[in-house]
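Working notes for the structure below.
The values are calculated or read from the model by the stated rules, or taken from the named source; none is laboratory data. Here the structure is a predicted model, which means the values were calculated and not measured. Every residue, glycine among them, receives a Cβ derived from its backbone with ideal geometry; neighbour counts consider all protein chains shown.
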Amino acid sequence: MVGRTSLWFIISAIVIAISLGAWITRGLNWGIDFTGGSLLRYQFERPLAADEAEAISVIADTRGILEGMGLGSSQIQVAGGDTVIIRTPEVVENDAEARERDDAIHAALDERFAATAGASETLGRETVGPVIGEMLTRSAIQALVLGIVLILLYITVRYEFRFGVAAVVALIHDTLVLIGFMAILQTELNTWFVAAVLTVLGYSINDTVIIFDRIRENRNIHRRAPLDDIVNTSLLQTMARSLNTTLTTLFTLIALYVFGGPTIAGFALALIIGIAAGAYSSIFNASPLVALWYRMADQKQPGRGRRDTAQRRVSAAETADTAAGLEAAVEEEPTRTRPSARQTIQEAERAAQEEKREKRRERRKQRTDKSGRSSKRRF
């Protein structure tokens, strides 16, 4: 696996390039928790749209209503076929004015769609001011940066600085992949996105630390072995554990995404993408990066690379000589056939019979000796 480090890095680079491209060109669909504004939800008695074409028509009609009220920049979405979601960037500080505006929108929607979908009811209204949105954005960035710095310090203290840098690079990879997929899917991002990113970072670093711990253990056992071999062995030893843990978690998240409802669907989707990316980076990015860093450092030291090469050649030669000696010994040794169970039993019976005959001969000899001594005494 370490021998294909370039392939793993190329795959990661391609995915990150796609993610950055989507982030730059499409942008992220920030919710009102970050941008500020109002969120209005109206649910009708019957479905408004049975397919995407009807949903587009409903959105166009709703936008016409909002433009007449001076809210043409609002975002409109049809959810579940019977619910209209409106996001307005304008914030009305006066609660009475906000309620009056919402009632006007509600009445206009009923007038337009009541004939086909029946009356509607207001499911909820949320308002976030621009100051609160800026505070949430700043707090989210601070939380991400602080989390990454603490992880770097912990890995550096527990292992080495190189291990810490490799772990942080893997975490940045996971974050960029997650952001890129959110940009591609245009999922609305609110405060749950910060929790999702931090959860993904914690899950990913857990996998990475387990692999690093196995590398350290194998280095202590095999001190003279090349680091590439140690890393490769450690990855193979922990591969089954990492894959099993990731798959069981993904199965749970997929069920949560499918059956959890729209409220938690975005959070579950972000975890699915992030944990899958974290499993890849922990196995194919973090540990190979450590091995590559050590290899480059050895090559920069004068004579170190030549000594390592010579040691590897000597080790290879000794291994070849040992193998040749074993092969010669095997060729010189006569071929032996393993006895069957029946032959073994027959041999044991013959040995027991021979032992009985030997004991009888000893007893006859003893009787003969006794008889001879008795005859001598008489005479």
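Taking the criterion of being in contact with a helix residue (DSSP H, G or I) (Cβ under 6 Å, 6 or more places away or on another chain) and among the polar types (S, T, N, Q), would at least one residue in the stretch 56-79 satisfy it?
Yes: the stretch 56-79 contains one or more residues that are in contact with a helix residue (DSSP H, G or I) (Cβ under 6 Å, 6 or more places away or on another chain) and among the polar types (S, T, N, Q).
If you go through the stretch 19-35 one residue at a time, do you hit one that is in a loop (DSSP other than H, G, I, E, B) and crowded, with 20+ Cβ neighbours inside 10 Å?
Initially, the stretch 19-35 is screened for residues in a loop (DSSP other than H, G, I, E, B), giving 26-29, 31.
Filter once more, so that each one left must be crowded, with 20+ Cβ neighbours inside 10 Å: 31.
Within the stretch 19-35, one or more residues are in a loop (DSSP other than H, G, I, E, B) and crowded, with 20+ Cβ neighbours inside 10 Å.
Looking at (1) buried (at least 16 other Cβ atoms within 10 Å of the Cβ); (2) modelled with pLDDT of 85 or more; (3) out of contact with any Phe, Trp or Tyr (no Cβ under 7 Å at 6 or more places or on another chain), which one does Trp192 not meet, given that it meets all the others?
It is condition (3) that Trp192 fails.
Arg46 versus (1) farther than 18 Å from Glu126 by Cα; (2) out of contact with any helix residue (DSSP H, G or I) (no Cβ under 7 Å at 6 or more places or on another chain); (3) of a type in the set (Lys, Arg): which is the lone unmet condition?
Arg46 satisfies every listed condition except (2).
Given the criterion in the same structural domain as Leu66 (by TED's automatic domain parsing) and of a type in the set (A, V, I, L, M), identify the matching residue among Ala117, Ala140, Ala166. So that I can check it myself, show each step before the final result.
Values: Ala140 fails: in the same structural domain as Leu66 (by TED's automatic domain parsing); Ala166 fails: in the same structural domain as Leu66 (by TED's automatic domain parsing).
It is Ala117.
Phe113 - would you say it is touching a strand residue (DSSP E or B) at 6+ places or on another chain (Cβ under 7 Å) and part of a helix (DSSP H, G or I)? Outline the logic, then answer.
Numbers: touching a strand residue (DSSP E or B) at 6+ places or on another chain (Cβ under 7 Å): yes; part of a helix (DSSP H, G or I): yes.
The answer is yes for Phe113.
From the list Tyr294, Tyr257, pick out the single residue that is aromatic (Phe, Trp, Tyr) and either closer than 15 Å to Ala166 by Cβ or modelled with pLDDT under 85 (or both). It would help to see each step written out before you state the result.
Details: Tyr257 fails: either closer than 15 Å to Ala166 by Cβ or modelled with pLDDT under 85 (or both).
Every option except Tyr294 fails the conditions.
Tell me which residues, restricted to the stretch 66-99, are of a type in the set (Asp, Glu) and either part of a loop (DSSP other than H, G, I, E, B) or modelled with pLDDT of 80 or more (or both). Working first, answer last.
Going through the stretch 66-99, the residues of a type in the set (Asp, Glu) turn out to be 67, 82, 90, 93, 95, 97.
Listed by number, the residues that qualify are Glu67, Asp82, Glu90, Glu93.
Taking the conditions exactly as written (surrounded by 16 or more Cβ atoms within 10 Å (Cβ to Cβ), at pLDDT 90 or above and within 12 Å of the chain's Cα centre (by Cα)), does Leu201 satisfy them or not? If you could, list the steps in order and put the result at the bottom.
Details: surrounded by 16 or more Cβ atoms within 10 Å (Cβ to Cβ): yes; at pLDDT 90 or above: no; within 12 Å of the chain's Cα centre (by Cα): yes.
Spelling it out, it is not the case that Leu201 is surrounded by 16 or more Cβ atoms within 10 Å (Cβ to Cβ), at pLDDT 90 or above and within 12 Å of the chain's Cα centre (by Cα).
Residues of the stretch 236-264 being out of contact with any Asp or Glu (no Cβ under 8 Å at 6 or more places or on another chain) and of a type outside the set (A, V, I, L, M, F, W, C), which ones? If you could, list the steps in order and put the result at the bottom.
From the stretch 236-264, those out of contact with any Asp or Glu (no Cβ under 8 Å at 6 or more places or on another chain) are 236-241, 243-244, 247-264; that's our starting set.
Gln237, Thr238, Arg241, Asn244, Thr248, Thr249, Thr252, Tyr257, Gly260, Gly261, Pro262, Thr263 - these are the residues of the stretch 236-264 that are out of contact with any Asp or Glu (no Cβ under 8 Å at 6 or more places or on another chain) and of a type outside the set (A, V, I, L, M, F, W, C).
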